[in-house]
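> Before I ask anything, here is the structure I am working with.
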Amino acid sequence: MKILILGVNGFIGNALVRRILQNRDWEVFGMDLHSNKLGDSLHHPRFHFLEGDIAINKEWIEYHIKKCDVVLPLVAIATPMAYVKKPLLVFELDFEENLRIVRQCVKYGTRIIFPSSSEVYGMCPEEFFDEDTSTMVLGPIHKQRWIYSCSKQLLDRVIWAYGQEGKLQFTMIRPFNWIGPKLDDLDAAKEGSSRVVTQFILNLLQKEPIRLVDGGFQKRCFTYVEDGIDCLMTIIENPGQAADGQIFNIGNPQNEASVKDLAYLLRDLFRHHPDHVHDSHYSQIIEVTADDYYGQGYQDITSRKPSIEKASRLLGWEPKTDLRTSLQFTLDAFLAEAKEKNWES
Ligand code: UGA
């Protein structure tokens, strides 16, 4: 099998390519702006990497969409601060550039596995979000946070419509707060543009306050990346074509925690880490308003829990890693990286 992964150096891409090269005989073609997360994969004989921008290297992409059996377009801006501060960039990259890829998959009859997002459910009031029955609830237009959700949702609908017309073989995946090594760059966290776990780890390293937005009562279900990759591998293999025409939530409903609980748990793990057990002091945990943290275009999701009944039934998948272990692995990897780069405060 030949696979094209755009955004291969990203959080999901780098973990996926490593797993494929280790466990399968597939050939992987990958593009990204950077290669810093790829490690040994870069030199693997079955991995062909081009450093470049998907908005520029259009011919290379079209050629490889034609040549490959399956495409995973993982390029996207996926941090809430960017949705609020750079909404047009989010639309151009996450929607426009990816629409072009979708259309080329239609043109060449190439299978696509598209990363939708847990964000598409927005402020859905249901306890468990279901791929095929849940209502999607977004805020008003001036709440620019929703541009990502809306861009992803519209692409989901476009892909679905091509599928209905028999023009596209697709699967959509909805990751629910995946965490793990290389989640975001610590430098991005310095700019305030990273997801919550990376942000808190940076705060702990820098001994600066951990900031709970609006008290940190909002809940998420944190999913360990390697569990998510297990599911993705089955989707790529597609036994009995079980994944065709389906949307799958990929999350861990057992790992639900409020942002406040997350902050205390991470600080506790940090305090017990061998490199930090003797630190003279640790980050405070404080509360800030959403307006102060993100600006006025932000709106939050109070609770976001996936139903994973479909992934279990059709793919035989269950997540295995509990919250504490997932955070421990993630923290250990970030601290090892920070130490290696001599990166402290
Ligand atoms: C994320 C992002 O939109 C995407 O990465 C992705 O599509 C999706 O969720 C997912 O991974 O499922 P969200 O969970 O809101 O959205 O993003 P985070 O930045 O990780 O924030 C989680 C919560 O922590 C939010 O309520 C946020 O306000 C809070 N937070 C964040 C803090 O309280 N303090 C901080 O310093 C940072």
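> Limited to segment 86-101, what total is found for residues that are out of contact with any helix residue (DSSP H, G or I) (no Cβ under 9 Å at 6 or more places or on another chain) and open to solvent by less than 30 Å² (accessible area, probe 1.4 Å)?
Summing the residues that are out of contact with any helix residue (DSSP H, G or I) (no Cβ under 9 Å at 6 or more places or on another chain) and open to solvent by less than 30 Å² (accessible area, probe 1.4 Å) in segment 86-101 gives 0.
> Out of 195, 211, I need the residue that is basic (Lys, Arg), touching a Ser or Thr at 6+ places or on another chain (Cβ under 9 Å) and surrounded by fewer than 24 Cβ atoms within 10 Å (Cβ to Cβ). Which one?
195
For (1) touching a residue at least 12 places away in the same chain (Cβ under 8 Å); (2) within 27 Å of residue 191 (Cβ to Cβ), each residue gets a yes or a no:
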site	(1), (2)
85	yes, yes
90	yes, yes
95	yes, yes
106	yes, no
117	yes, yes
121	yes, no
128	yes, no
133	no, no
151	yes, yes
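> Would you tally the residues in segment 243-255 being away from the ligand (no atom under 15 Å from the Cβ) and within 26 Å of residue 26 (Cα to Cα)?
Within segment 243-255, residues that are away from the ligand (no atom under 15 Å from the Cβ) and within 26 Å of residue 26 (Cα to Cα) number 4.
> Among the residues of segment 176-192, how many are within 9 Å of the ligand (Cβ to nearest atom) and open to solvent by 20 Å² or more (accessible area, probe 1.4 Å)?
1
> Might you check whether a residue that is in contact with an Asp or Glu (Cβ under 9 Å, 6 or more places away or on another chain), assigned to a strand (DSSP E or B) and of a type in the set (Phe, Trp, Tyr) occurs anywhere in segment 142-157?
Among the residues of segment 142-157, not one is in contact with an Asp or Glu (Cβ under 9 Å, 6 or more places away or on another chain), assigned to a strand (DSSP E or B) and of a type in the set (Phe, Trp, Tyr), which makes the answer no.
> Which residues, counting only those in segment 269-298, are open to solvent by 50 Å² or more (accessible area, probe 1.4 Å) and either assigned to a helix (DSSP H, G or I) or out of contact with any Leu (no Cβ under 9 Å at 6 or more places or on another chain) (or both)?
271, 272, 274, 277, 278, 280, 281, 284, 289, 291, 292, 296
> Still on this structure, I have one more. Step by step: first the residues of segment 299-339, then only those that are of a type outside the set (Val, Ile, Thr), within 13 Å of the ligand (Cβ to nearest atom) and open to solvent by 20 Å² or more (accessible area, probe 1.4 Å), then the one that is farthest from the chain's Cα centre (by Cα). Which residue is that?
It comes out as 299.
> Scanning for something surrounded by fewer than 17 Cβ atoms within 10 Å (Cβ to Cβ), modelled with pLDDT of 95 or more and over 29 Å from residue 221 (Cα atoms), does segment 108-121 turn up at least one residue?
Yes: segment 108-121 contains one or more residues that are surrounded by fewer than 17 Cβ atoms within 10 Å (Cβ to Cβ), modelled with pLDDT of 95 or more and over 29 Å from residue 221 (Cα atoms).
> Quick one: which residue in 104, 144 is open to solvent by 70 Å² or more (accessible area, probe 1.4 Å), over 30 Å from residue 323 (Cα atoms) and away from the ligand (no atom under 12 Å from the Cβ)?
Of the residues listed, the single one that is open to solvent by 70 Å² or more (accessible area, probe 1.4 Å), over 30 Å from residue 323 (Cα atoms) and away from the ligand (no atom under 12 Å from the Cβ) is 144.
> Residue 133 passes all but one of (1) surrounded by 23 or more Cβ atoms within 10 Å (Cβ to Cβ); (2) within 21 Å of residue 242 (Cα to Cα); which number fails?
For residue 133, the failing item is (1).
> Looking only at segment 149-166, decide whether some residue is more than 11 Å from the ligand (Cβ to nearest atom) and within 27 Å of residue 285 (Cα to Cα).
no
> So the check is Cβ under 7 Å with 6+ separation or different chains; which pairs have a first residue in segment 254-271 that's more than 22 Å from residue 320 (Cα to Cα) and a second one that's open to solvent by 40 Å² or more (accessible area, probe 1.4 Å) and within 15 Å of the ligand (Cβ to nearest atom)?
260/217
> Right, something else. For residue 260, only one of the following conditions fails: (1) in a helix (DSSP H, G or I); (2) away from the ligand (no atom under 11 Å from the Cβ); (3) open to solvent by 20 Å² or more (accessible area, probe 1.4 Å). What is its number?
(2)
> Does any residue in segment 214-242 that is within 10 Å of the ligand (Cβ to nearest atom) come within less than 6 Å, Cβ to Cβ, of a residue that is of a type in the set (Asp, Glu) and not in a helix (DSSP H, G or I) six or more places away or on a different chain, and which pairs are these?
So the pair list comes out as 215/287; 218/300; 219/256; 221/256.
The values are calculated or read from the model by the stated rules, or taken from the named source; none is laboratory data. Worth saying up front: this structure is predicted, and the values here are computed from it rather than measured. Cβ sites come from the backbone with ideal geometry, for glycine too, and all protein chains shown count toward neighbours. Each accessible area value is taken on the protein alone, full model and side chains, heavy atoms only, with ligands, DNA and RNA left out. Shrake-Rupley method; radii C 1.70, N 1.55, O 1.52, S 1.80 Å.
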